[in-house]
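Worksheet: one structure, shown below.
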Amino acid sequence: MNRYLSIFALTARNSLIREMNFKLNFLLWMVVELLWFAGQLAFIEVLYGQVNEIAGWSKWQLVALVGVHQIIAQLFQAFFYLNIANLPELVRTGRLDLMLTLPMDAQFAVSTRQVSFDCIVNSFVGVGIVVFALAKLHIVPSITQLALFACAVPLGIAVHYAVMFGLSCISFWIIRAQSFIHGYFNLFHIGRYPEAVFRGVFRIIFTWLVPVILVSNVPAKILAHPFSSPWAGLAMLFTATLAVLAATRALWLFALRRYGSASS
């Protein structure tokens, strides 16, 4: 484990050096993300100008949910999105060969090649929004709530990673798989809506098969919309995370057996 942490620390250092060589690009992406997030908050303001609550969620509870979604989405993009999005190109060009020859697990090598520090900075905006929303709700989370929240956020990131990495593995069978990856990137934004607004088959699919709805709703409920048993929600998210991670790992190993390398 220490060896892999050292490798990741070196990767992060190289990524930071690369981004600091293009400081304007770094700042512009931060501004773009901030403007997008401000648009989401403006939409909530307009929406709650017409209603008092949506599916049992008040205005500031929904703001907290959007803030939690921002935290998870930005951290996922910081550590994994670019790496996963590049996997189809690695397969198509045969550059995956290099990843497979490295003295480490190939999935780790593919998943941690680059870190986006602008997204890490933007995640703190989500933290600030959550804190502000809790203040408006007059909620002071207990130590237990904060501990459960700290466990739920990495689980949510892991769900996004597993699902998108599984979709990227389709590139071993088809030439262009980027459309699946970009499609999911747009889809996971449904996590910023309360789970109670979803019904029927759609809710079943995106709660159990592709647990996008749980990713933000569980940690947001722990802090801003307490339910009868926060442990039950966390247990559900934990189970879903283990399931999608195991399925993704199995798919990756199966896909590697199909890979013929650039020289074949």
Response to the item:
Going from the fewest other Cβ atoms within 10 Å to the most, one would list 105, 118 as 105, 118
Response to the item:
Expressed as a whole-number percentage, the relative contact order of the range 106-214 with C-alpha contacts under 8 angstrom and at least six residues apart is 18
Discussion item. I want to check the label-to-label distance for residue 25 and residue 127. Put each point 7 Å from Cα in the C-beta direction and report it in nm to one decimal.
Written reply: 2.7
Discussion item. Only counting other Cβ atoms within 10 Å, I'd like 231, 60 sorted with the fewest neighbours first.
Written reply: 231, 60
Item to complete: Evaluate the distance, in nm, between pseudo-label points positioned 7 Å from the Cα of residue 249 and of residue 144 along their respective Cα→Cβ axes.
Response: 3.1
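Can you give me the relative contact order of the chain as a percent, contacts being Cα pairs under 8 Å and 6 or more apart? Walk me through the numbers on the way to the answer.
On the way: 305 pairs, mean separation 67.9, N = 264.
Relative contact order here is 26 percent.
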Discussion item. Using 10 Å bins from zero, what percent of all Cα-Cα pairs in the chain falls into each bin?
Written reply: 7, 27, 34, 23, 8, 1, 0
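Once fully extended, how much extra length lies between residue 151 and residue 258, figured as 0.36 nm per residue of separation less the alpha-carbon to alpha-carbon distance?
Numbers: separation 107, 0.36 × 107 = 38.52 nm, distance 3.58 nm.
Contour length minus the Cα-Cα distance gives 34.9 nm.
With runs of 4+ DSSP H residues as the only contributors, calculate the mean residue ellipticity of the chain at 222 nm using -39,500 (n - 2.57) per run, divided by the residue total and rounded to the nearest 500.
On the way: 12 runs with 189 residues, N = 264.
Calculated at 222 nm, the ellipticity per residue is -23500 deg cm²/dmol.
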Fill in: Nearest-ten-degree value, helix 212-224 long axis tilted from longest Cα axis of the chain
40
Practice prompt. Return, for the Cα atoms of the range 85-146, the radius of gyration and Dmax in Å, separated by a comma.
Written response: 19.8, 55
Fill in: Packing-based exposure ordering (other Cβ within 10 Å, fewest first) of 34, 148
34, 148
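Every number here is computed from the coordinates shown, using simple stated rules; none is lab data. From a predicted model like this one, the values you see are computed outputs, not experimental measurements. Every residue, glycine as well, gets a Cβ built from its backbone with ideal geometry; the counts of neighbours run over all protein chains shown.
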